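Engineer: Before I ask anything, let me first share the structure, which is written out below as structure tokens.
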Amino acid sequence: MSSFKIASLVFRTLSKPVANALKQQAKSHDVFRSLCINVAQVAHRTEMNWKMRVLGYKKEKIRPLNDARAIDAGANFLGEAFIFSVAVSLIFAEQIRSRSQARRQRDAVDDRLDELELSSAQYRQELDRLETERRLLRTEVDDLANETVTLSAILMQVLGRDLDKRIVEQGRQPLKIDQGTVDRFLDGKAVDITNSKK
């Protein structure tokens with residue numbers, strides 16, 4: 001941005017000597033001289049017509065400028081027109097540059113938003129997949145827990161009967177384990193069967 005402003009300042013500075021050179025060329029070359037005279041005469045007539053309309057004078061015939069004054073006025077007009085055209089060109093160039101820079105920034109922001117939306121969608125899909133996987137694992141864990149409880153109950157019944165038969169065969173009284181002890185065992189808590197009633 002600063003390089004563009006420096007370049008525009010250089011162009012504005014150089015346009016004044018170029019305008020002065022145009023003025024000098026207008027005085028020495030026949031083509032420029034006739035162009036300056038024509039431009040100056042048209043500008044003089046236009047200016048005088050506007051003055052008469054604005055000031056309310058009646059319209060009269062306008063006398064043309066003499067050649068020396070017309071050459072000076074035309075050369076000044078061409079020089080000022082050149083300076084003005086350089087200034088307008090620089091303004092347009094600055095507008096075009098700022099619009100293209102704003103477009104590039106807008107495109108960069110749009111690209112970044114698209115990337116974020118894409119990654120957000122990917123993360124959402126991954127989160128949904130993980131949530132589904134978690135639900136499946138939770139179902140499997142619940143099924144395994146139910147199977148464990150069932151197997152523990154079956155094991156307790158089988159072991160209890162087998163132990164009772166052996167104890168009776170040996171002539172002793174089998175242990176009577178109350179339901180609270182069984183429930184604590186099934187819940188995974190420590191169980192002490194030595195204090196159970198015989």
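Engineer: Taking the Cβ of L35 as the centre, find all other residues whose Cβ is under 14 Å away and add up their charges (Lys, Arg: +1; Asp, Glu: -1).
Structural biologist: Here the count lands on 0.
Engineer: If you count only protein heavy atoms and use a 1.4 Å probe, how large is the accessible surface of F84, to the nearest 10 Å²?
Structural biologist: 140
Engineer: Could you tell me the number of lysine pairs in the stretch 1-143 with C-alpha atoms less than 20 Å from each other, where the two lysines are 8 or more residues apart or belong to different chains?
Structural biologist: So the count works out to 4.
Engineer: Using only the alpha carbons of the stretch 14-115, determine the length spanned along each of the three principal axes and report them from longest to shortest in whole angstroms.
Structural biologist: Over the stretch 14-115, Cα extents along the principal axes are 73, 39, 17 Å.
Engineer: What FRET efficiency comes out for Q101 versus T13 if R0 is 25 angstrom and r is the Cβ-Cβ distance? Round to the nearest 0.05.
Structural biologist: That gives a FRET efficiency of 0.50.
Engineer: Now for a separate question. Taking the full set of protein chains and a 1.4 angstrom probe, give the accessible area of I37 in square angstrom, rounded to the nearest 10.
Structural biologist: I37 has an accessible surface of roughly 30 Å² with all protein chains in place.
Engineer: Tell me, what ³J(HN,Hα) does each residue in the stretch 37-44 have, in order and in whole Hz, if you take phi through Karplus 6.51 cos²θ - 1.76 cosθ + 1.60 with θ = phi - 60° and put x for Gly and Pro?
Structural biologist: 5, 4, 4, 5, 5, 5, 5, 5
The values are calculated or read from the model by the stated rules, or taken from the named source; none is laboratory data. The structure presented is a predicted model; accordingly, all values stated were derived computationally and were not measured. Here Cβ is always computed from backbone atoms with ideal geometry, including for glycine, and neighbour counts include all displayed protein chains. These area figures cover heavy atoms from the full protein model, side chains too; ligands, DNA and RNA do not enter into them. Shrake-Rupley method; radii C 1.70, N 1.55, O 1.52, S 1.80 Å.
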